[in-house]
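What follows is a short report on a single structure.
The values are calculated or read from the model by the stated rules, or taken from the named source; none is laboratory data. It should be emphasised that the depicted structure is a prediction, and the values quoted were computed from it without experimental measurement. Cβ: placed from backbone, ideal geometry, glycine included. Neighbour counts: every protein chain shown.
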Amino acid sequence: MNCAVCLEKECARGKDCLGNGEKIKKLYQEGEVSLIKAAAQVEARYYMKKTRLEETIIFAQKMNYKKIGLAFCVGLSDEAQAIYELFREHFQVYTVCCKICGIDKDEFQLEKIDTGGGEAMCNPLGQAAFLNQKKTDLNVIIGLCIGHDILFSEHSNAPVTTLAVKDRVLAHNPLGAIYSHYYQDKK
């Protein structure tokens, strides 16, 4: 089975292509059911009406989340501040930059962008630890690098959603590579 190349997508009309739907339904525990209900409600009520930012706020409110964590890349500090200002109207918000603790890349023999001097590493485990200490209900990723986002998600005690992904070439819009014939022609 390879869903990406399936032309019919009969699953969208109720077909159980794998024949294990009943087994999968049993995996949904109480917490997952309330989360999937809130997600379905946001999808149904706001489809093509709200931005991802607005949907995140609505979803968090439906889940009765009070404390939101923002784990962001230092390169998106301005965006993180704007999102913080918006979120703090609705929630208690904690923010943490990727360079938390200022650990030098030399500590782990990490490659540097600028080989001329000291350079602090990104610290997704430090970000997760900080937000875990604050006991956030939901953590939101804003532009963490590939790999760093994985480590952050893996170590976060709270559920994690991604608001923005890092793509320095395409203005943080990685799907631009799929939509742009100019980019496609470069291949």
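If we keep just the residues of segment 21-69 that are hydroxyl-bearing (Ser, Thr, Tyr) and in contact (Cβ under 8 Å) with a residue 60 or more places away in the chain, which is surrounded by the most Cβ atoms within 10 Å (Cβ to Cβ)? Filtering segment 21-69 for residues that are hydroxyl-bearing (Ser, Thr, Tyr) and in contact (Cβ under 8 Å) with a residue 60 or more places away in the chain, the one surrounded by the most Cβ atoms within 10 Å (Cβ to Cβ) comes out as THR56.
Checked against (1) surrounded by fewer than 15 Cβ atoms within 10 Å (Cβ to Cβ); (2) of a type in the set (Val, Ile, Thr); (3) at pLDDT 95 or above, VAL140 passes all but condition (1). Restricting to segment 17-67, name every residue that is basic (Lys, Arg) and out of contact with any strand residue (DSSP E or B) (no Cβ under 8 Å at 6 or more places or on another chain). Answer for segment 17-67, where residues must be basic (Lys, Arg) and out of contact with any strand residue (DSSP E or B) (no Cβ under 8 Å at 6 or more places or on another chain): LYS23, LYS25, LYS26, LYS37, ARG45, LYS49, LYS50, LYS62.
Only one of the numbered conditions (1) modelled with pLDDT of 95 or more; (2) surrounded by 12 or more Cβ atoms within 10 Å (Cβ to Cβ); (3) more than 20 Å from GLN81 (Cβ to Cβ) is violated by GLY147, and that is (2). Hey, any hits in segment 153-176 for a residue that's on the phi < 0 side of the Ramachandran plot, of a type in the set (S, T, N, Q) and over 18 Å from the mean Cα position of the chain (by Cα)? The answer is no; no qualifying residue exists.
Of all residues in segment 151-179, exactly one satisfies the criterion of being among the acidic types (Asp, Glu) and surrounded by fewer than 13 Cβ atoms within 10 Å (Cβ to Cβ), namely GLU154. Only residues that are in contact (Cβ under 8 Å) with a residue 24 or more places away in the chain and of a type in the set (Lys, Arg) were counted across segment 96-152, and they come to 3. For ASP106, the conditions (1) among the acidic types (Asp, Glu); (2) farther than 30 Å from GLY31 by Cα; (3) modelled with pLDDT of 95 or more all hold with the exception of (3).
Here is a list: VAL140, VAL160, VAL169, VAL165. Which entry is within 21 Å of ASP78 (Cβ to Cβ), β-branched (Val, Ile, Thr) and touching a strand residue (DSSP E or B) at 6+ places or on another chain (Cβ under 6 Å)?
After applying the criteria, what remains is VAL140.
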